[in-house]
Amino acid sequence: MTLLRVLAVASEVYPIVKTGGLADVVGALPAALQQHGVATRTLVPGYPDVLRALRSAETVLNWPEFYGGPIRVLAAAHDGLDLLVLDAPHLYIRPGNPYVGPDGRDWPDNGIRFAALSRMAAEIGQGAIASFTPDIVHAHDWQAGLVPAYLHYGRQPRPGTVMTVHNLAYQGQFSPDMLATFGLPGESYALHGVEYYGTISLLKAGLQFADRVTTVSPTYAREIQTDEGGMGFGGLLRERSDVLSGILNGIDVDVWNPATDQNIAARFSAELPGGRAQNKAALQLRFGLDQAPDAMLLGVISRLSWQKGLDLLLETIPTLLGEGIQLALLGSGDRDLQDRFAALAQANPGRIGVVIGYDEALAHLIQAGSDALAVPSRFEPCGLTQLCALRYGAVPVVANVGGLADTVLDFDEAVVSGAAATGVKFAPVTADALAHALRKANLLFNDQVTWRRLQQAGMATDVSWHDRAARYAALYRELVAARH
């Protein structure tokens with residue numbers, strides 16, 4: 001098997017810098033691809049956390065001027081990842097998370113910051129680093145969306161390009177006045193270029209010019225080709241349907257392994273599930289919930305937003321309390337949702353517990369100690385939380401959309417397919433339908449034989465990257481073959 005060289009380009013990577021599922025995917029996919037003859041180097045911005053994580057690094061590129069200041073490209077290994085780091089202090093050394101400052105607002109120069117990342121990826125794709133010229137450049141989300149455009153307009157021999165959309169809602173829109181600053185030619189500001197309803201969209205650039213476009217589940221790939229689900233890109237994606245595919249995400253099953261997880265109270269497995277009871281007790285203690293082993297404990301790990309359907313969960317609280325279900329919620333986001341959940345916890349001690357923020361270790365404990373895990377998203381490209389839930393025996397209660405539809409099998413579907421059910425799905429995505437799903441889940445929970453079967457079927461589900469990575473490897477090889 002011929003070794004393929006891939007340059008992955010992303011704005012975050014686990015375990016160094018993470019704001020969401022993008023980082024998990026970018027961090028886990030390279031190791032899985034290696035088993036399929038693909039060597040990946042991942043280009044990321046030189047944020048302070050990234051530079052601190054590098055124990056030793058080699059400078060492979062050194063330029064005095066690049067988008068407003070001097071830069072270096074550093075090559076380094078970290079936790080099994082082969083990294084290239086764009087060390088540009090004028091762009092990336094600042095407080096706050098990768099996209100937002102301490103005041104909660106987007107950095108005003110985000111367009112330039114991520115244009116620089118994309119431009120460097122294009123330069124590397126065209127041979128700027130003598131020791132590494134990739135066969136494929138794989139761009140992730142809008143922050144890397146300009147990579148295919150730069151390579152297209154560079155009009156030089158170039159590698160194949162793949163654009164993966166992790167969430168179509170984030171489109172990287174900027175003023176058309178930025179065209180020259182980005183280094184794009186005037187002809188690019190057009191319907192079949194980077195123009196998007198009077199703005200420049202970095203995501204559109206990737207969707208328009210990449211040789212192949214992927215998204216993170218087959219159902220989401222279909223949804224985004226509709227006017228309703230396409231968020232303004234439905235027509236473009238229908239035009240490009242011949243190069244668009246949906247490949248499910250996986251999770252790192254070494255990081256998410258209840259048999260070895262050091263973040264939980266007791267290790268367990270599908271064969272030896274006894275530790276779940278200890279984790280449930282520990283989770284109840286952590287969230288100030290009553291020590292009630294016979295009450296169904298519903299976990300939520302989510303960004304608090306309209307997309308994630310957390311307002312619908314608020315509307316179902318009377319049902320939840322009436323059914324005797326406990327709630328342990330970890331998340332942050334919309335201030336109004338944060339305040340309302342916090343108020344509910346204060347008003348219902350012992351029944352509802354809320355932690356505002358994100359805590360990776362606590363997320364593991366919620367998966368290990370919850371009986372069920374709710375993901376009521378209005379749309380969900382793939383979702384990783386429900387994959388972790390399956391792995392840990394927390395039965396998913398999910399909206400029948402996107403990757404949730406593809407990864408959870410409801411009882412009704414199980415009857416038709418003959419496979420074992422792994423969770424509860426609901427549609428339409430309304431508060432009434434969610435309330436019905438919670439009542440159904442609680443009824444199933446109180447039939448311990450049926451519940452145990454649900455848990456065992458979930459834990460037997462392959463949520464790893466192995467087969468998914470094989471599909472990416474096949475896509476890369478098809479693209480390389482098509483270009484020769």
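Rule-based calculations on the coordinates, nothing more; no lab input. Just so we're clear, the structure is a prediction, and the values are computed from it rather than from any experiment. With ideal geometry, Cβ positions are generated from the backbone for all residues, glycine too; neighbour counts draw on all protein chains shown.
Annotations
- Antiparallel DSSP beta bridges within the chain, percent to nearest 5: 25 percent
- Ascending count of other beta-carbon atoms within 10 Å, so fewest first, for Lys308, Lys440: Lys440, Lys308
- Mean ellipticity per residue at 222 nm, deg cm²/dmol - from DSSP H runs of n ≥ 4 across the chain, formula -39500 (n - 2.57): -11000 deg cm²/dmol
- Selection from Val398, Leu329, His78, by position along the positive dipole direction of the chain (Cβ): His78
- Region 335-352 versus region 250-285: alpha-carbon centroid distance in Å: 27 Å
- In this structure the amide hydrogen of Asp82, modeled in the peptide plane, comes within under 5 Å of the amide hydrogens of Thr42, none closer than 5 places in sequence on its chain.
- Paramagnetic label zone (point 7 Å from Cα along Cα-to-C-beta, Thr450; backbone N under 20 Å) in region 275-303: 294-299
- Rounded to 5, the percent of DSSP beta bridges in region 1-80 classed as antiparallel: 50 percent
- Across region 55-63, rounded Karplus estimates of 3J(HN,Hα) from the backbone phi angles (6.51 cos²θ - 1.76 cosθ + 1.60, θ = phi - 60°) give 6, 8, 9, 10, 7, 10, 7, 9, 10 Hz, Gly and Pro being marked x.
- The charge dipole of the chain, taken about its Cα centre with unit charges on the Cβ of Lys, Arg, Asp and Glu (plus for the first two, minus for the last two), comes to roughly 540 debye.
- Whole-angstrom Cα spans of region 275-459 along principal axes, big to small: 44, 33, 31
- Put the Cα centre of region 78-99 next to the Cα centre of region 11-42 and the gap is 15 Å.
- Applying the Karplus relation 6.51 cos²θ - 1.76 cosθ + 1.60 with θ = phi - 60° to region 308-325 yields 3J(HN,Hα) values of 7, x, 6, 5, 5, 4, 4, 5, 8, 4, x, 5, 4, 5, x, 7, x, 7 Hz, where x marks Gly and Pro.
- The region of the chain that goes longest without hitting one of the GluC sites (Glu not before Pro) in a DSSP loop, each with at most 10 other Cβ atoms within 10 Å, is 272-484.
- Under-5 Å amide H pairs with Thr215, H placed in peptide plane, nonlocal only: Val165, Ser245, Gly246, Ile247
- Residues with amide H under 5 Å from that of Ala399, placed H, sequence gap 5 or more: Val375, Ser377, Phe426
- For region 275-459, size of Cβ-based charge dipole, Lys and Arg +1, Asp and Glu -1, in debye: 320 debye
- Residue-wise HN-Hα coupling along region 6-13, computed from phi with Karplus coefficients 6.51, -1.76, 1.60 (Hz; x: Gly, Pro): 10, 9, 8, 10, 7, 8, 7, 8
- Candidate lysines for bridging to Lys425, where Cα separation is under 17 Å - those fewer than 8 sequence places away on the same chain excluded: Lys308, Lys440
- When restricted to Cα atoms, the chain yields an Rg and a Dmax of 22.8, 68 Å, respectively.
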